[in-house]
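These notes are about the structure you will find just below.
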Amino acid sequence: MNNTVSEVKVLVVDDQPPIVEELCEFLQSSGYRCVPCYSSTQAIESFASDTAIGLVLCDLHMPECDGIELFRALKVIAGQQRIFEAIMLTGRADKQDVIRALREGFSDYYQKPVDLNELLEGVQRQEAALQERQKNFQDLGNLNQKLQFLADSIDDLYQDLEKARGLGAQRRATDVDNEVDNDSLPAIFEKLSPRQLEVARLVSKGKTNYQIACELGITENTVKLYVSQVLRLTHMHNRTQLALALSPGNSPLHLRATTH
């Protein structure tokens, strides 16, 4: 008996109770948790209420609706957020039925009476395929989140650009804030945009990214993007160097010491 229990549940559907019981007993002894069902209606209810079900074994020919109709119903329930694999069982050697099932999306099929060891190998293959699909689905979700972050950041930068244009196309970064005299501002900061310099000065005051985001009305991720740009353009390594360079007592000698 297999001591390792799979996290994936197997929905076993057949209108003949002895077959369901035999399959469940065998699969459970092989490390799978099974949900026995004796009709399509019962299978639909079980699938809808138990999201741990990831594998489906179903008979093709059943009184209420056949296995293909059941599979279609399960796909509707699963929608775009749930993944599962289905294996068809059939007592007839009808090639057209098999082709129809595979075209519908069944991953595999076995003819009754089923060789249990072959079936187990098939279940294990589909479990591995399911896990791979779930991993890819999760990776895709993470990628979508990153793309959304990038889109939000670009939108924020675009809005900042429009605001800067509204203040005058010829405006220099040194005109943004009167807290530091233009003459005392290190030359390397003149290449910064007004918003980049604004973020740099707030960093020099010891404010966190969250505080800067609140003060400027932008997202925290956009602040991180600005800080990264400022450090790159000024050839500085960290926020401490940035703060020292913008301190009132900075000098060209002091600036050279902080940037090397």
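I'm trying to understand the selection: among the residues of the range 217-231, which are outside any helix (DSSP H, G or I) and more than 25 Å from the chain's Cα centre (by Cα)?
If the condition is that a residue be outside any helix (DSSP H, G or I) and more than 25 Å from the chain's Cα centre (by Cα), then Gly217 is the only one that fits.
All but one of (1) over 16 Å from Gln126 (Cα atoms); (2) assigned by TED's automatic domain parsing to the domain that holds Arg72 hold for Thr4; which doesn't?
Among (1) over 16 Å from Gln126 (Cα atoms); (2) assigned by TED's automatic domain parsing to the domain that holds Arg72, the lone unmet condition for Thr4 is (2).
Among the candidates Ala257, Ala243, Ala213, Ala200, which residue alone is loosely packed, with under 14 Cβ neighbours inside 10 Å and either modelled with pLDDT under 75 or small (Gly, Ala, Ser) (or both)?
Ala257
Mind checking whether some residue in the range 70-86 is closer than 19 Å to Leu119 by Cα and either touching a residue at least 60 places away in the same chain (Cβ under 8 Å) or outside the structural domain of Ala128 (by TED's automatic domain parsing) (or both)?
For the range 70-86, residues closer than 19 Å to Leu119 by Cα and either touching a residue at least 60 places away in the same chain (Cβ under 8 Å) or outside the structural domain of Ala128 (by TED's automatic domain parsing) (or both): absent.
Somewhere in the range 38-47, is a residue out of contact with any strand residue (DSSP E or B) (no Cβ under 6 Å at 6 or more places or on another chain) and either under 20 Å from Leu130 (Cα atoms) or crowded, with 18+ Cβ neighbours inside 10 Å (or both)?
Yes: the range 38-47 contains one or more residues that are out of contact with any strand residue (DSSP E or B) (no Cβ under 6 Å at 6 or more places or on another chain) and either under 20 Å from Leu130 (Cα atoms) or crowded, with 18+ Cβ neighbours inside 10 Å (or both).
Just give me the residues in the range 33-53 being without any contact (Cβ under 8 Å) to a residue 40 or more places away in the chain and in a loop (DSSP other than H, G, I, E, B), in sequence order.
Matches in the range 33-53: Tyr38, Ser39, Thr51.
Got at least one residue in the range 54-62 being of a type in the set (A, V, I, L, M, F, W, C), under 18 Å from Arg100 (Cα atoms) and surrounded by fewer than 22 Cβ atoms within 10 Å (Cβ to Cβ)?
Within the range 54-62, one or more residues are of a type in the set (A, V, I, L, M, F, W, C), under 18 Å from Arg100 (Cα atoms) and surrounded by fewer than 22 Cβ atoms within 10 Å (Cβ to Cβ).
Of everything in the range 73-121, what is surrounded by fewer than 18 Cβ atoms within 10 Å (Cβ to Cβ), part of a helix (DSSP H, G or I) and charged (D, E, K, R)? Give them in sequence order.
If the condition is that a residue be surrounded by fewer than 18 Cβ atoms within 10 Å (Cβ to Cβ), part of a helix (DSSP H, G or I) and charged (D, E, K, R), then Lys75, Lys95, Arg100, Arg103, Glu104, Glu118, Glu121 are the ones that fit.
Six or more apart or on different chains, Cβ atoms under 8 Å: show the pairs whose first residue is in the range 220-237 and under 16 Å from Leu202 (Cα atoms) and in the same structural domain as Ile188 (by TED's automatic domain parsing) and whose second is in a helix (DSSP H, G or I) and acidic (Asp, Glu).
Going by the 8 Å Cβ cut-off, the qualifying pairs are Asn221/Asp152; Thr222/Asp152; Thr222/Asp156.
Farther than 19 Å from Thr234 by Cα, at pLDDT below 85 and in contact with a helix residue (DSSP H, G or I) (Cβ under 6 Å, 6 or more places away or on another chain): does that describe Asp160?
yes
The values are calculated or read from the model by the stated rules, or taken from the named source; none is laboratory data. This is a predicted model, so every value here is computed, not measured. Backbone-built Cβ (ideal geometry, glycine too); neighbour counts: all protein chains shown.
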